[in-house]
Amino acid sequence: MGTVLDGKAIAAALEERMRSRVEAFRRRPQLAILSFNTPASRLFELMQVERARALGIQCRNEVLDSARVTPEDVERRIQAWNADPAVHGIFVHQPMPPQIDPQRISTMIDPQKDVEGIHPQNSARRFFAKARIGSCTALAVMELIDSTGVPLEGKEAVVVGHSEIVGRPVSMLLLDRLATTTVCHVATNRAGRLEAHVRRAEVLVVAVGRPRLIPGAWIRPESIVIDVGINVVDGKVVGDVEFETARDRAAYISPVPGGVGPVTVMMVMLNTIEAFRLQGGA
Ligand code: NAD
């Protein structure tokens, strides 16, 4: 039976390391969060605010009504935070309501304050393996993989999901580490080829948002399985991988909840500290 990767313990260790860095600063970094009034957004925001305060990072948050918010409302907030020297990091929750274009929003955030790494300038730096601020979820996935101590060079890595905020940045980070990386998505599945790709993955990262998409029987024995998916089934939060059966085959597996989620929150904090330093903060 595989080892369950404890995201909460990894997050706590990261927090401990960051605390001394924040304490050494003369000024406090400040994170500004724009969230929407959906249960998932409010829950994530709550975790962000809680961890920021625990670390001594100042936090201001604004919650917008998903049904009523206009693109101008979001843009006005971002422009105000871009112009405010007291704000070092800006995080806009995703998914955004349908009337808001996330690509347009990503270009509006000052790239030095973009703690989710979504501004095209930060995406381009990631492409050239020079990012100082990266996608929080992708960095969390790498942190969980690295916690196993297994070297990635030459490994068969398969990422299921090709979104701009998770699948694509994860695949870039895996490539940077010289894993042989395959990216699967909805069309891979439609073509009936998902199982074959998953079966040969020595490192499998799944970020889709479909419960039980990956049956445990598909997991390659002794592999590393990182489940990014968040789904609510019968009032319970579950991932995209059939956990119990997958655990029997994998060497390491991340649970949902308690895997990628808590580490992602810490990556927001790490990026806020990095953004603070990029802006000359000390
Ligand atoms: P998205 O909807 O933007 O992208 C989904 C991806 O899955 C796409 O690449 C799509 O092609 C693929 N896909 C859809 N249906 C598929 C199918 N039947 N078979 C194979 N591939 C399929 O989603 P996202 O924003 O990348 O989020 C993915 C999941 O990760 C969601 O459950 C989300 O809640 C979760 N998430 C978790 C964290 C975290 O920190 N734990 C952070 C971000 C997102």
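Just so you know, all these numbers are worked out from the coordinates, no wet-lab data involved. Nothing here was measured: the structure is a model prediction, and the numbers come from that model. We place every Cβ from the backbone using ideal geometry, glycine too, and count neighbours over all the protein chains shown.
Observations, loosely collected:
- Bridge type composition, the chain - antiparallel percent by DSSP, nearest 5: 10
- Centre separation in Å (Cα based) which lies between segment 59-81 and segment 193-216: 36
- Its residue count N fixes a reference of 2.2 N^0.38 Å for segment 136-261, and the Cα radius of gyration divided by that reference is 0.94.
- Long-range amide H partners of THR182 with built H, under 5 Å: ALA157, VAL158, VAL159
- Under 5 Å, built H, 5+ apart or other chain: amide partners of ARG60: LEU31, ALA32, ILE33
- Overall shape: oblate for segment 27-115, with the ratio a/c of the largest to smallest alpha carbon gyration tensor axis at 1.5 or above and b/c at least equal to a/b.
- GluC sites (Glu not before Pro) restricted to segment 190-239 and DSSP loop, no more than 15 other C-beta within 10 Å: GLU222
- Counting Lys and Arg as +1 and Asp and Glu as -1 over every other residue whose Cβ lies under 14 Å from the Cβ of GLY56, the net charge comes to +4.
- Scalar couplings 3J(HN,Hα) for segment 94-107, obtained by applying the Karplus form with A = 6.51, B = -1.76, C = 1.60 to θ = phi - 60°, are 10, x, 7, x, x, 6, 9, 8, x, 5, 5, 4, 4, 7 Hz; x denotes Gly and Pro.
- Each stretch of four or more DSSP H residues adds -39500 (n - 2.57); spread over every residue of the chain, this sum gives -13000 deg cm²/dmol at 222 nm.
- Near ILE78: Cβ cut-off under 12 Å, other residues only, Lys/Arg at +1 and Asp/Glu at -1. The net charge is -3.
- Considering only beta bridges that DSSP places wholly inside segment 189-282, some 30 percent are antiparallel.
- Local charge for GLU222 was computed over the other residues whose Cβ lies under 14 Å away, with Lys and Arg +1 and Asp and Glu -1, and equals +3.
- Of all beta bridges that DSSP places with both ends in segment 105-250, some 20 percent have antiparallel geometry.
- Sequence-distant residues sharing a close amide H with VAL115 (under 5 Å, placed H): ILE90
- Of all aspartates and glutamates in the structure, those lying under 12 Å Cα to Cα from LYS130, and not within fewer than 8 positions of it along the same chain, are ASP176.
- Order by protection proxy (mean Cβ within 10 Å, highest first), peptides 13-19, 226-232, 104-110: 226-232, 104-110, 13-19
- Within the straight-line cut-off of under 30 Å between alpha carbons, the lysines reachable from LYS236 are LYS8, sequence neighbours fewer than 8 places apart in one chain being disregarded.
- Overall form of the chain per C-alpha gyration tensor (a/c, 1.5; a/b vs b/c): prolate
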